[in-house]
Every structure is written in structure tokens, then in C-alpha cells.
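Working notes, beginning with the structure itself.
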Amino acid sequence: MKPHRCREPDSGHDRGSRRLFFKILMIFWGAIFLTIASNALLTHQIAQIELEKKIKETRISELAADAVSVYETGGMSALEHWLHRQKRLLGLRAALHDAQGRRIEPATPPELDHTRDHDRITEEDKEPRPWQRWSPRNFSHPAKPIDIPVTSAQGQDYHFILLPSRFTRALFSAPEYYRWIRFLVSFIIIATASWLLSRHLGRPIKALSRASRKMAEGDLSVRVLPEIGARKDELGDMAEDFDHMAEQVEHLVTQQQQLFRDISHELRTPLTRQQLQIELARRKGLSEETLDKLAAQNDAMNQLIEQVLTLSKATLTPSKSAPEVFDISTLVAEIIQQNRAEIESKQQHLNAALNVTATVRAERESLQRGLENLLRNAIKFSPEGSGIQVGTALQTGHVKISITDEGPGLQGERPENLIQPFKRGANPNGAKGFGIGLAIAHQAIAQAGGTLGFEEAPASGLTVTITLPLYR
């Protein structure tokens, strides 16, 4: 294992905290500065537009008064010449109406007078040009003529009508639009700063969360620093500490597994020799009773070693076997058949209700070992001539497997204690065991996504309930 360089716990983390503080401070003040600058620019633009609008509104009032004055002093021809000149100079299209709303027109019909174009609305006047279409100044462009009442010096009332044109587009711009733009720009700046901050802080946190879940699932080789990079802040220190912790845990677990293997090897070697000695002693005619006791002790030690190794693999080593899809009722039937001889040897009767088809997805070998341990426990703790009930039933999204015996039951023992390794419950029948079988069963069922429960049987004994998710 690579050596880990230890740092001073206080100074290192203080420096990391300061670095993270300055990063957050820079993003915060950067967002404030950009928001203020953009709002100042847009506010200046709004002020300019409103000032121009006031100036042009005053100019329109003056133009309306001039139009009436020209008409009253020079007549229709002078008005026509004046309107044509305003159109050419300002892009203004207008007409003059009397107090009753009748248009003041020349004697020549408009369709025959080709010199009159100041009151003809062209496509250019109706719609802005393509490159001007999305200008803010076009959003409030009036689509209808604008009526401006005017009273002449002689007291006559007129209506100066402004028709849609380039002049009105320049006049009626959209300060409201700029106000919405100001809000939108502020929102975008703040949202962008928030996204950058959340990404900067969230990415390493998510990496730590994923690594923690993988470690909980048994993958002790997971590391965080390669994913988040060499950060020089508080989160980088946390990732480095996590990797150091993961290295230490992996090292300790590896040592523990190696210890199990070493112990099993050291125990198996003398046991093998002892077995050979027992066989030689049988041939030399030693007492069969003594030899049978030695052989039974030898078998018990081998069984203990096998169960310890199985529990070690189930608890500490992530399985590399691919899950299989199979019918749980078929698997339970196979387990019952494999243990039929032991059931008959104790003159027990087993009633199996396996009428449902329930497909699950799990490691078949591991789950079979766990279920077999539960059934063998029921056989072991039930007295001779007693009954054992095994059944499967469907629930919403799950299948329930129950094993009920007529043994001593819980005898006041807490159910969660039964799944602890080497923890044995009440045993008035003198059944032999090491207290590992239920721990192995619990690990196998948990790996399949199921749960294991214990409760007193209605009459006597214990009911073990296994709940597994159905495979859809």
C-alpha cells in the first residue's frame, strides 16, 4: 500500500477553508458586479430612449401645428407640398382631417396623382427590414394610425393623423422591453453564477457520495481524487482524507481475509493429518467408539472452517457471479429434496405448499446456500416426529417464503441477535451448531435485495419469513 503523507490537521484544513471561501467570494462579487454594470447600461439606454421620445413628441406637436398653419395660409397644394417634403426629409407619412374626421384631400383623386406618395403605406412602412425586425425599438411599433388633435390660431379644430412609417418606429421605441431585458439579464447572471458555484461544489460531493455507496456495496478499491482532480481547497482535503480512509479499510479487510485463509490453512493441515491417523488407527483395531468421536470432532472442525470462510466471503468480498433469473418455488423444492434423507431420519414430516410461480433475479448458489441453512435449522431444532411447514406466496411486487418449525422458538431472544455470527439461541434439544448459518443466510438474502424476519409460530416453534423482490 502506498504511504500516505500526513499533514497538520488544523493548518491544512484552515488553508483549504480560506481557499474555498475566496472562490465563493469571487463568484459572489463577480455576479454582483456584472449585475450592477448591466443594469446601469440598460438604465442609461432606457433614459436615452425616454428622452428621445419626449423630444420627438414635442416635435410632432410642432409638426401638427405647422401642418394646420400651412393649410390655412397656403391651401391644399401648400399642404400637399409640405407633407411630401416631410416624408422625404423625416420619413413621415401623415394626413390632415377636419373636425368631423373627414380627410382634407385635393381635387385630383389619389390614384391618378402619382406625385402624392406621402400617405401611401408601403411594406417597408408596415414592417421593419429583416435586420431591424428584432430590434427593441420595433416591439412597441404602433400598427394603427395615431390621431393628434390640433386647434388653429383661428379656433378651428383639426386632426393630424400619423400613419405607420419609419418615423413612428423611431419615435415609439420600447423602454418597457428594456426593463424586462434588465430583469432577464440579472436573472441570467445570477443563475450562471449559481450554476458555476453548485457545479464547483457539487461535483466533488457527488463523487464522494458515489464512492461511499460503492464502498458500502463492498468495492473497497474505489478512490475519489482521480475523479475530481487535484483540488487545492477544503473539498480536495476531504477527498484526500477519504482516499486515505479507503486505503486503510481495504488494507485492514485484506489482512482480515488473509487471516481467515491462514487460520483455515493452519487448521486444515493438522485436521487432515488427524483424519489420516484415525484411518490408520481403525486398521490397527483401536476402539471404534473412540475413533468415531475423533472423526466427529474432525468433521465438526472442518464444518466450522467451511462456514467461517463462507461467511467471510459473503460479508467482506463483493460477489463476482452474475445474477440469474429463476423460479424460487423450484429452488425451494430442490432444497427440500436434497435434505429429504435427514428429515426422514428424524421421522419428521414436511408439508410444502409451493403452488405459486415467482421469478426472482439473484445469485442462485448464494441464495440456495442461505435458504438451505434456514431449512436445516428448522430440521435441527425441531424434535423427532414433529412437523415442518414450507410455503411460498405472492405479495405486491414480492414473493414471501415461510418456514415454520415446532422447535423452541425465540425463547425471549431478540430476532436481530440471531443473525449475529457465533450467536446461538435457546437450544433445549441439544442441537449442534456454531451460530453461523443464520448469518450466512441473512447475507445471501440481503444481497438478493430481500429481507429476513423471525416470529413465534402460533402454536409453538419459530416462523422464518424471507421476502424477495419479483423480477419483472
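Details
- Of all residues in segment 440-472, those satisfying the criterion of being hydroxyl-bearing (Ser, Thr, Tyr) and within 16 Å of Ala393 (Cβ to Cβ) are Thr451, Thr463, Thr465, Thr467.
- Where Arg210 falls short, out of the listed (1) of a type in the set (Lys, Arg); (2) within 16 Å of the chain's Cα centre (by Cα); (3) surrounded by 14 or more Cβ atoms within 10 Å (Cβ to Cβ): (3)
- Long-range neighbours under 8 Å by Cβ, at least six apart or interchain, first residue in the same structural domain as Lys400 (by TED's automatic domain parsing) within segment 324-353, second polar (S, T, N, Q) and part of a helix (DSSP H, G or I): Leu331/Gln368; Glu334/Gln368; Ile335/Gln368
- Qualifying residue in segment 115-132 (condition: touching a strand residue (DSSP E or B) at 6+ places or on another chain (Cβ under 8 Å), in the same structural domain as Phe33 (by TED's automatic domain parsing), at pLDDT 60 or above and among the charged types (D, E, K, R)): no
- In segment 71-114, residue modelled with the highest pLDDT [restricted to those that are small (Gly, Ala, Ser) and part of a loop (DSSP other than H, G, I, E, B)]: Ala99
- Residue-level analysis places Ile181 outside the set of residues that are surrounded by fewer than 16 Cβ atoms within 10 Å (Cβ to Cβ) and in contact (Cβ under 8 Å) with a residue 60 or more places away in the chain.
- Cβ separations smaller than 9 Å between residues 6+ apart or across chains give the following pairs from segment 215-231 residues that are outside the structural domain of Leu252 (by TED's automatic domain parsing) to residues that are among the hydroxyl-bearing types (Ser, Thr, Tyr): Gly218/Thr315; Gly218/Thr317; Gly218/Ser319; Leu220/Thr254; Val222/Ser212.
- For segment 354-389, a residue qualifies if it is in contact (Cβ under 8 Å) with a residue 40 or more places away in the chain, assigned to a strand (DSSP E or B) and more than 23 Å from Glu324 (Cα to Cα), and exactly one does: Ile388.
- Pair list, Cβ < 7 Å and 6+ apart or interchain, from segment 83-98 residues that are crowded, with 18+ Cβ neighbours inside 10 Å to residues that are modelled with pLDDT under 85 and aromatic (Phe, Trp, Tyr): Leu92/Phe167
- Taking the criterion of being in contact with a Lys or Arg (Cβ under 9 Å, 6 or more places away or on another chain) and assigned to a helix (DSSP H, G or I), the residues of segment 210-234 that qualify are Ala211, Leu225, Glu227, Ile228, Glu234.
- Where a residue in segment 47-58 is of a type in the set (Asp, Glu) and its partner, wherever it lies, is in a helix (DSSP H, G or I), with Cβ under 9 Å and at least six apart: Glu50/Pro175; Glu52/Ala170; Glu52/Leu171; Glu57/Leu171
The values are calculated or read from the model by the stated rules, or taken from the named source; none is laboratory data. Computed from a predicted model, the values in this text were never measured in an experiment. Please note: Cβ atoms are built from the backbone with ideal geometry, for glycine as well, and neighbour counts cover all protein chains shown.
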